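A quick write-up on the structure given underneath.
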Amino acid sequence: MKRIHYISGITISIFIIMHLFNHLYSLFGVKAHIELMNEFRVIYRNIIAETLLLFAVGIQIISGVKLFLKKRKTVSDFFDRLQIWTGLYLAIFLLIHLSAVLSGRLIMNLDTNFYFGVAGLNTFPLNLFFIPYYGLAIISFFAHISVVHSKKMKKKLLGIEPNKQSYIILIIGIILTIVIFYGLTNEFNGVEIPAEYNILTGK
């Protein structure tokens with residue numbers, strides 16, 4: 001189970017890294033974000049890549065929940081607790097997020113681009129839910145990686161102990177989350193949501 005979970009996690013992580021880099025690119029403006037997204041879509045929006053990704057997400061959710069139920073009563077230290085709780089949150093997030101994206105594409109006939117992702121972030125009071133919802137997902141992703149790193153890495157890197165390396169990964173994730181949110185909000189980009197996306201906010 002752990003081996004399968006690890007392999008599916010790596011598969012999903014490749015996509016997530018591209019996805020987060022795309023969001024980070026919003027610092028250069030909405031147009032730049034969408035242009036990069038269209039370039040990335042050549043890689044992951046095809047029948048083979050999407051099938052593989054959906055399969056990996058399904059495995060990750062099922063195996064993640066099973067591992068959480070198995071380990072929740074035996075964890076002892078900070079990193080073990082961080083691993084199971086961030087894993088559970090990511091499983092829930094992936095299920096909700098994937099369902100929302102597929103509904104947007106197949107039922108609402110929307111392009112699930114920049115505007116689909118930020119409609120809730122830039123609309124009050126929906127942003128009271130979406131900011132922690134997305135923020136915790138990004139931080140949980142980096143926290144989960146930091147735990148795996150703490151377990152796999154046995155050597156110093158640039159003179160830094162493995163445990164400290166893991167904390168650095170977690171801190172980087174928190175900083176990156178703040179920067180990404182800055183780029184995705186109307187405070188920075190003056191985001192104006194096109195009318196067709198009003199269905200997402202009830203306007």
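The values are calculated or read from the model by the stated rules, or taken from the named source; none is laboratory data. Bear in mind that the values here come from a model prediction, so they are computed numbers and not experimental data. Glycine gets a Cβ as well: all are built from the backbone with ideal geometry, and neighbour counts include every protein chain shown.
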Residue within the stretch 2-10 that is surrounded by fewer than 17 Cβ atoms within 10 Å (Cβ to Cβ) and modelled with pLDDT of 90 or more present: yes
Tally, over the stretch 53-94, of residues that are exposed (fewer than 14 other Cβ atoms within 10 Å of the Cβ) and among the polar types (S, T, N, Q): 2
Tally of residues being touching a residue at least 12 places away in the same chain (Cβ under 8 Å) and either assigned to a helix (DSSP H, G or I) or surrounded by 17 or more Cβ atoms within 10 Å (Cβ to Cβ) (or both) across the stretch 29-43: 7
Qualifying residues in the stretch 103-130 (those that are in contact with a Ser or Thr (Cβ under 9 Å, 6 or more places away or on another chain) and not in a loop (DSSP other than H, G, I, E, B)) - the one surrounded by the fewest Cβ atoms within 10 Å (Cβ to Cβ): ARG105
Residue within the stretch 96-109 that is in contact (Cβ under 8 Å) with a residue 12 or more places away in the chain and either among the charged types (D, E, K, R) or within 16 Å of ASN198 (Cβ to Cβ) (or both) present: yes
Set SER8, SER76: member being in a helix (DSSP H, G or I) and out of contact with any His (no Cβ under 6 Å at 6 or more places or on another chain): SER8
Test: LYS151 is of a type in the set (D, E, K, R), in a loop (DSSP other than H, G, I, E, B) and out of contact with any Leu (no Cβ under 8 Å at 6 or more places or on another chain): no
Matching entry among ILE131, ILE169, ILE139, ILE160 (being in contact with a Gly (Cβ under 7 Å, 6 or more places away or on another chain) and among the β-branched types (Val, Ile, Thr)): ILE139
Boolean, THR112 is under 20 Å from the mean Cα position of the chain (by Cα) and touching a residue at least 12 places away in the same chain (Cβ under 8 Å): no
ALA137 within 23 Å of THR177 (Cβ to Cβ), of a type in the set (Gly, Ala, Ser) and at pLDDT 95 or above: yes
Boolean, VAL57 is in a helix (DSSP H, G or I), β-branched (Val, Ile, Thr) and under 21 Å from LEU136 (Cβ atoms): yes
Residues of the stretch 143-162 classified as of a type outside the set (A, V, I, L, M), touching a residue at least 40 places away in the same chain (Cβ under 8 Å) and in contact with a helix residue (DSSP H, G or I) (Cβ under 6 Å, 6 or more places away or on another chain), total: 3
Residues of the stretch 162-192 classified as at pLDDT 80 or above, assigned to a loop (DSSP other than H, G, I, E, B) and exposed (fewer than 14 other Cβ atoms within 10 Å of the Cβ), total: 1
Those residues of the stretch 131-154 which are surrounded by fewer than 17 Cβ atoms within 10 Å (Cβ to Cβ) and farther than 19 Å from PHE93 by Cα, in sequence order: LYS151, LYS152, MET153, LYS154
